[in-house]
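The block underneath contains the structure these notes are about, expressed in structure tokens.
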Amino acid sequence: MKRAAIILVVLIVLALAGFSLHLLANKDVRRENFSSSADLFERVAEKTSDEKTIFTAKIFDPALVSHITPLGELNGGYEESQTINGVMINLKTDANRNASEIPVYAPTDMTLEDYSYFTGGEHTPNWHLGFRISKDVKLSFDHITWVPEELKKATPPTPTSAYVPPSQKISYKAGELIAKTSGTDQAHNWNIYLRDNRHQNTFVNQARFEKIKDGYDFVNAVCPFNYYADSVKQEFLSLMGATKAGQAKTCGTNSRDVRGSLSGIWQLTQEGVGADYQGAYATPFSIYKDSADQIVVFEINRQRFILDQTNPTYKDPAAVTGAHCYALTEYGGQPAKGYAYFQIVSDMEMQLQYAPSGTCPSQFPAEGSVTYYR
């Protein structure tokens with residue numbers, strides 16, 4: 001009897017040992033499937049990645065809007081460089097160029113993540129509201145002029161340019177009213193920014209923008225209307241244009257860089273993106289052709305210049321691959337205010353010579369120019 005018991009114990013021990021070896025073998029196999037920590041991260045990220053983001057409610061009523069400025073067509077230089085990363089909603093106005101506040105709705109379920117509050121004019125309050133949709137997707141509204149009491153309580157009206165978290169959690173379901181806005185005091189427009197970390201924009205000097213993408217939306221900025229069903233998306237896209245609806249057929253892109261040409265965004269430094277001036281020369285500096293076929297020069301000598309096709313020096317910056325001089329006009333066919341002479345040095349470098357008066361010289365000046373970098 002004792003011998004039988006001993007034999008049974010031995011068999012159990014052997015069985016357990018075999019099972020343990022089987023588990024260890026499988027564990028080794030699982031470990032071998034991840035050749036590095038980076039591989040392991042990618043596999044985990046793949047399993048935990050967000051589902052497709054879908055907007056089911058309109059952020060605003062398209063019938064209340066005159067046109068939408070596409071991505072990449074709003075300024076882009078000096079302190080306004082961040083605005084190329086969003087779309088601008090231009091409200092319809094009355095005969096006196098006044099606009100009523102329009103409702104702003106949540107396009108999907110989302111939670112208020114941060115805000116800033118400032119006074120954009122003499123009387124108009126302005127909120128910037130940032131909403132977290134998922135770990136990869138964030139939606140922000142700028143120039144909001146009215147918020148409901150629950151949101152007002154969570155965003156105390158103390159002017160601050162910093163993006164700070166609300167004092168309490170506020171979440172919205174798709175279709176719920178978030179706020180209202182009449183836009184800026186004079187132009188009656190407001191901005192929408194969408195950042196999706198799964199989307200990537202490309203620039204000639206990609207490394208510059210990759211290094212700062214945690215603080216800015218250059219790399220991950222995307223059109224908010226891309227997240228709607230096609231029928232709704234087309235309703236918004238029909239409003240696209242720099243000065244009126246129908247000038248653009250797409251939502252645009254925030255990168256206007258064209259390798260080997262003048263078109264795009266330039267810096268006075270070789271790293272980073274910081275608003276600064278060196279004399280009359282601003283950084284960042286941006287030049288591109290918009291959907292109204294205007295050449296936008298933003299900015300030089302604290303001015304934005306707009307050149308239309310009546311300008312005798314008109315030329316698409318994407319076609320400027322050598323040297324070219326523009327007679328500068330503030331808008332359309334107005335009298336020129338000096339000139340800006342550009343010379344492409346390489347894909348990553350160009351030179352600019354600006355004069356506040358006079359006409360374009362016959363060739364690029366030998367001295368006095370400033371060097372810009374991609």
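Any residue in the range 297-305 that is open to solvent by 10 Å² or more (accessible area, probe 1.4 Å) and farther than 25 Å from Val87 by Cα? Checked against the condition, which is being open to solvent by 10 Å² or more (accessible area, probe 1.4 Å) and farther than 25 Å from Val87 by Cα, the range 297-305 yields at least one hit.
Looking at the range 262-270, can you tell me whether even one residue there is aromatic (Phe, Trp, Tyr), farther than 30 Å from Lys315 by Cα and touching a residue at least 24 places away in the same chain (Cβ under 8 Å)? No - not one qualifying residue is present in the range 262-270.
Where helices (runs of 4 or more DSSP H) fall wholly inside the range 136-237, the ranges with 3 or more residues that are within 30 Å of Gly260 (Cβ to Cβ) and free of Cβ contacts under 8 Å to residues at least 40 places away in the same chain are 206-210.
Scanning the range 307-325 for residues that are without any contact (Cβ under 8 Å) to a residue 40 or more places away in the chain and out of contact with any His (no Cβ under 8 Å at 6 or more places or on another chain) returns Leu307, Asp308, Gln309, Thr310, Asn311, Pro312, Tyr314, Gly322, Cys325.
Here are Thr329, Thr283: which of them is touching a residue at least 24 places away in the same chain (Cβ under 8 Å), open to solvent by less than 40 Å² (accessible area, probe 1.4 Å) and part of a loop (DSSP other than H, G, I, E, B)? It is Thr329. Of Tyr354, Tyr341, Tyr288, which residue is assigned to a strand (DSSP E or B), in contact (Cβ under 8 Å) with a residue 60 or more places away in the chain and more than 30 Å from Lys249 (Cα to Cα)? The match here is Tyr354. The number of residues in the range 330-373 that are within 15 Å of Leu307 (Cβ to Cβ), polar (S, T, N, Q) and at pLDDT 95 or above comes to 1. Of the residues making up the range 81-115, those that are outside any strand (DSSP E or B), of a type in the set (Asp, Glu) and touching a Phe, Trp or Tyr at 6+ places or on another chain (Cβ under 9 Å) are Glu101, Asp109. Restricted to the range 93-118, and to residues there that are surrounded by 15 or more Cβ atoms within 10 Å (Cβ to Cβ) and hydroxyl-bearing (Ser, Thr, Tyr), the residue that is nearest to Tyr228 (Cα to Cα) is Thr108. Looking only at residues of the range 252-280 that are part of a strand (DSSP E or B) and open to solvent by less than 20 Å² (accessible area, probe 1.4 Å), we find that the one that is farthest from Val87 (Cα to Cα) is Gln267.
With respect to (1) surrounded by 15 or more Cβ atoms within 10 Å (Cβ to Cβ); (2) at pLDDT below 95, the lone exception for Val87 is condition (2).
The values are calculated or read from the model by the stated rules, or taken from the named source; none is laboratory data. All of these numbers come straight from a predicted model, not from anything done at the bench. Positions of Cβ are generated from backbone atoms using ideal geometry, with glycine treated the same way; all protein chains shown enter the neighbour counts. Note: accessible area is taken over every heavy atom of the protein model, side chains too, but ligands, DNA and RNA are not part of it. Shrake-Rupley method; radii C 1.70, N 1.55, O 1.52, S 1.80 Å.
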